[in-house]
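Participant: Mind looking over this structure? Questions follow.
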Amino acid sequence: MDKALKAACELDLGFPFHRPETPAQRLRAIADWMEADGKGWEVYVTGETAQALEQRIAELTGKPAAIWMPTGTMGQALAARLHCESRGNYRLALHPNSHLLLHEQEGARYVHGLDPVEMGEWAQVLTASDLPDNAGCAIVELGQRHNGGLLPRWGVLQALKARAAELNLPLHMDGARLWSTRPHFDNRSYAEICEGFASVYVSLYKDIGAIGGAVLAGEEAFIEQMRTWRARLGGMFPMAWPNTADALRLLDEQVELMPELVARARMLGEAIDRLDGLSVTPSPVQTNLFHVEADASVDAIDAARDAVARDHSVWLFSRCWDLAQQDRPAIEVTVGAKLYDMPPERVIEAFAGLARRLA
């Protein structure tokens, strides 16, 4: 990747997806918010800010309790371990493109002693018939990142929950992108979407745009176990307040903006899908995330991106997914506040330039 070319572009669709600011500006914004709200020093994630953040996400997800974790990687594998231990069954059922299988160096196996098993098909959402009869926990991702934010229909999701209840199989939600799912589910509340899941993980940095961290929500006894294990795994930050304060100041604002981000993603997806040589998945777009696929090599797509950057001063992406299970390389587009502020016609024309270059 040509970092100088990227930096020279007027528009940058890549991560981070929040409105452009320098690190110093971000820290000043956190400091100003804390001073205005009377927040002070907090140690070991036990202060007022952390508690308010946990309580707010517990409310949103409809769960009795919640806990801040430094990363989703730590939190999700730990949640799976606790569910599996509760059943005395260490088989962990995962969709083939689950983050735990692809991006965590088999942490669930080597750190927690779990036995990951695959369920379902790569390009499809999970259904009730995909759930295994013999597992200690099953993780369901809403929406599926490597399928462009793909989500099940509401009836399919409800049937999956019902089947898990029949099997006495705890469901854990990988809700890294839960915040953008409500429009697809006819604006049902997050609590209704999360109902039937034994635990829920949400990211604080992806769509919320905070500097880091995650929250796990579930029953009170389960969350108390998480607190014990957070300390055992080294997750008790002495000074986590910049993370928790940043998330708390941004959470409600970003959640309120999310329907507009999803609407913008759908509009962009429809326009890009009409371009010769490019296709959008899923179509129609379901969340604020979608993929743009092309019949070309990653090298050719990267070269076309660089040409677009020079011609249009728009940086379209930093990484093109090219996993063995995919039919074609996929560019990931996330509509955060930054892309929402960009003139949509410039973004569409930049993708049209990409299509012309690839043709």
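The values are calculated or read from the model by the stated rules, or taken from the named source; none is laboratory data. These figures come from a predicted structure and were not determined experimentally. With ideal geometry, Cβ positions are generated from the backbone for all residues, glycine too; neighbour counts draw on all protein chains shown. Heavy atoms of the whole protein, side chains included, go into the accessibility calculation; ligands, DNA and RNA do not. Shrake-Rupley method; radii C 1.70, N 1.55, O 1.52, S 1.80 Å.
Participant: Looking at Arg249, Arg227, Arg264 in this structure, which one is in a helix (DSSP H, G or I), under 17 Å from Gly143 (Cβ atoms) and either of a type outside the set (A, V, I, L, M) or open to solvent by 30 Å² or more (accessible area, probe 1.4 Å) (or both)?
Facilitator: Arg264
Participant: Answer with yes or no whether Ile348 is open to solvent by less than 10 Å² (accessible area, probe 1.4 Å) and either in a helix (DSSP H, G or I) or at negative phi (or both).
Facilitator: Judged against the criteria, Ile348 is not a match.
Participant: Being touching a residue at least 40 places away in the same chain (Cβ under 8 Å) and among the acidic types (Asp, Glu) is the filter here; which residues of the stretch 38-58 pass it?
Facilitator: Across the stretch 38-58, the qualifying residues are Glu42, Glu54.
Participant: To continue, here is another question. Restricting attention to the stretch 269-284, does a residue exist that is assigned to a helix (DSSP H, G or I), surrounded by fewer than 20 Cβ atoms within 10 Å (Cβ to Cβ) and in contact with a strand residue (DSSP E or B) (Cβ under 6 Å, 6 or more places away or on another chain)?
Facilitator: Within the stretch 269-284, one or more residues are assigned to a helix (DSSP H, G or I), surrounded by fewer than 20 Cβ atoms within 10 Å (Cβ to Cβ) and in contact with a strand residue (DSSP E or B) (Cβ under 6 Å, 6 or more places away or on another chain).
Participant: Looking only at residues in the stretch 10-53 that are modelled with pLDDT of 95 or more and in a loop (DSSP other than H, G, I, E, B), which one is most open to solvent (accessible area, probe 1.4 Å)?
Facilitator: Filtering first and then ranking leaves Glu10.
Participant: Only one residue in Asp273, Asp302, Asp246 is within 26 Å of the chain's Cα centre (by Cα), within 21 Å of Asp207 (Cα to Cα) and modelled with pLDDT of 95 or more. Which one?
Facilitator: Being within 26 Å of the chain's Cα centre (by Cα), within 21 Å of Asp207 (Cα to Cα) and modelled with pLDDT of 95 or more holds for just one of Asp273, Asp302, Asp246, which is Asp246.
Participant: Condition test on Asp133, is it assigned to a loop (DSSP other than H, G, I, E, B), out of contact with any strand residue (DSSP E or B) (no Cβ under 6 Å at 6 or more places or on another chain), on the phi > 0 side of the Ramachandran plot and open to solvent by 30 Å² or more (accessible area, probe 1.4 Å)?
Facilitator: Criteria not met by Asp133.
Participant: From the list Leu178, Leu204, exactly one residue is closer than 15 Å to Gln144 by Cβ and either open to solvent by 40 Å² or more (accessible area, probe 1.4 Å) or of a type outside the set (Gly, Ala, Ser) (or both). Which is it?
Facilitator: Just one listed residue meets the conditions, Leu178.
Participant: Limited to the stretch 160-213, what total is found for residues that are part of a helix (DSSP H, G or I) and not basic (Lys, Arg)?
Facilitator: Residues meeting the conditions: 14.
Participant: Sticking with this structure for a sec: Tally up the residues in the stretch 105-125 that are charged (D, E, K, R) and buried (at least 19 other Cβ atoms within 10 Å of the Cβ), please.
Facilitator: 0
Participant: Here's a follow-up. Got a sec? Which of Ala128, Ala138 is touching a residue at least 24 places away in the same chain (Cβ under 8 Å) and open to solvent by 10 Å² or more (accessible area, probe 1.4 Å)?
Facilitator: Ala128
Participant: Does the stretch 75-95 contain at least one residue that is in contact (Cβ under 8 Å) with a residue 12 or more places away in the chain, at negative phi, under 20 Å from the mean Cα position of the chain (by Cα) and open to solvent by 20 Å² or more (accessible area, probe 1.4 Å)?
Facilitator: Looking through the stretch 75-95, none of the residues is in contact (Cβ under 8 Å) with a residue 12 or more places away in the chain, at negative phi, under 20 Å from the mean Cα position of the chain (by Cα) and open to solvent by 20 Å² or more (accessible area, probe 1.4 Å).
Participant: Just to check your reading of the model, which residue among Ala330, Ala307 is under 22 Å from the mean Cα position of the chain (by Cα) and either charged (D, E, K, R) or open to solvent by less than 10 Å² (accessible area, probe 1.4 Å) (or both)?
Facilitator: The conditions single out Ala330.
Participant: Then there is this: Quick one: which residue in Phe222, Phe237 is over 21 Å from the mean Cα position of the chain (by Cα) and open to solvent by less than 40 Å² (accessible area, probe 1.4 Å)?
Facilitator: Phe222
Participant: What residue, of Ala135, Ala159, is aliphatic (A, V, I, L, M) and more than 16 Å from Glu85 (Cα to Cα)?
Facilitator: Ala159
Participant: Just to be sure I understand, how many residues within the stretch 128-184 are at pLDDT below 95 and among the aromatic types (Phe, Trp, Tyr)?
Facilitator: The number of residues fulfilling the criteria is 0.
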